1. Take the alpha carbon atoms of the range 257-302, find their center, do the same for the range 79-147, and report the distance between the two centers in whole angstrom.
2. Quick one: if the Förster radius is 30 Å, what FRET efficiency do Trp37 and Asp268 give, using the C-beta to C-beta distance and rounding to 0.05?
3. Per residue, how much accessible surface does the chain expose to a 1.4 Å probe? Answer in Å², no decimals.
4. If I compute solvent accessible area with a 1.4 Å probe over the protein chains, what percent of it on the chain is carbon and sulfur?
5. How far is it, in nm, from the label point at Val210 to the one at Asp25 when both lie 7 Å from their Cα along the line to the Cβ?
6. Calculate the FRET efficiency for Phe238 and Ala169 from the Cβ-Cβ distance with a Förster distance of 25 Å, rounded to the nearest 0.05.
7. Is it possible to state the helix-based mean residue ellipticity at 222 nm for the chain, with each DSSP H run of 4+ residues giving -39500 (n - 2.57), the sum divided by total residues, to the nearest 500 deg cm²/dmol? What is it?
8. So how do Ser233, Ser204 rank on accessible area, 1.4 Å probe, biggest first, that is with the largest at the start?
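The values are calculated or read from the model by the stated rules, or taken from the named source; none is laboratory data. Owing to the predicted nature of the structure, the values given are computational and were not obtained by experimental measurement. Heads up, the Cβs are rebuilt from the backbone with ideal geometry, glycines too, and the neighbour counts pull from every protein chain shown. Surface areas here come from the heavy atoms of the whole protein model, side chains and all, with no ligands, DNA or RNA. Shrake-Rupley method; radii C 1.70, N 1.55, O 1.52, S 1.80 Å.
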Amino acid sequence: MYRVAAIGGDGIGPEIINEGRKVIDTAAEKFGFDIDWVELSIGADRYLGTGELLTADDLATLSECRAIYFGAIGDERVQPGILEKGILLALRFHFDQYVNLRPIRLLPGVPTPLAGKGPEDIDFVVVRENTEDFYVGIGSRFMKHEKKTLDVVRELYEVKFSLDVETDAEELAYQIGVITREGSRRVIEYAFSIAEQRRKKVTSVDKANVLSDVYGLWRDVFRGVAETHPGVSNEYTFVDAITMWFVKNPEWFDVVVTPNMFGDIITDLGAMIQGGLGLAPGGNINPSGVSMFEPIHGSAPKYKGQNVANPLATIWAGSLLLDTLGEHEASEAVIGAIGRAITSGKVTRDMGGDLSTSAVGDAVAGLLKQS
Ligand code: IPM
Ligand code: MG
């Protein structure tokens, strides 16, 4: 019996999470375990009603769960950034989910925009650092007449920045990226440990030629960790170059490890080459804590409540969740069922089919039961 939290969130979130739960429950029945779902109504509606983003109660409830299944966050009635930072990023940071795991795998029967490439060419994993870099939230914005001292303490890092800013510019903004040796080491170690189970190659992403402090440290740590894994080959690329190689030679990659911000950008590109955002899952993982699984697409508010959204990315995220619970066979069986739903055309409109969200969930659950 596993206790798992479900947060539908905003827009299409609740609909796709329903389908994901349907498939996970089917897997549980088939493989002989139970899920005790704990539903939380976190998101725009509650925020607009009560002003609450994440409460102490939410965090206490979530910390009692083995994992979190997360739909999507984002609503037109709320200024961009509030829900994203106050809920999604806050959860990633609170539970120290330092690995953002994003498989880039083209399933058979799914069209890719890359000419001449097939499922045998597109099968790698991006390991995105998930708690540092430009996501730490240190920054400010002000006008010429405001004399400001940047004086920010981030207890998380026990670092104090104090800097007098004087400028003739009319308006100024800055944002600081923070990389720590420990923070990069743990995620790079994780990448190598996955590579040991795969094709034994890790590619590091950085921009050490320009942002040489933060990514210079990242690269040093990468080198150090690579030395302790002689059986795994390694290479570095600059982030601009890797976008080119994702398109030109995706077959080169096995495990790609990247700082947070670059990881955000290149995984949207990865999603496109694996068939679109409708098929791209992600896991926010703390290997010894509470992990959270979500589709990497957003809340698509214009499709809310219409039963047309593609639930496959969420169902796939459910497979990652099962894997983290240790239910490896169930996890693989779910991917298999997703694959059979696709090859038999049981998909939503965005993938060329005509099924509704719930009909796709039913189809995957049915195929899983038969397998
Ligand atoms: C993602 C998203 C988030 C991110 C946003 C919604 C905060 O783009 O999960 O990739 O930037 O990490
Ligand atoms: Mg993103």
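1. 6
2. The computed FRET efficiency comes out at 0.50.
3. Accessible area per residue, the chain: 44 Å².
4. Ligands and nucleic acids excluded, carbon and sulfur give 50 percent.
5. If labels sit at Val210 and Asp25, their model points lie 5.0 nm apart.
6. Once the sixth-power term is evaluated, E becomes 0.30.
7. Taken over the chain, the calculation gives -11500 deg cm²/dmol.
8. Largest accessible area first, the list is Ser233, Ser204.
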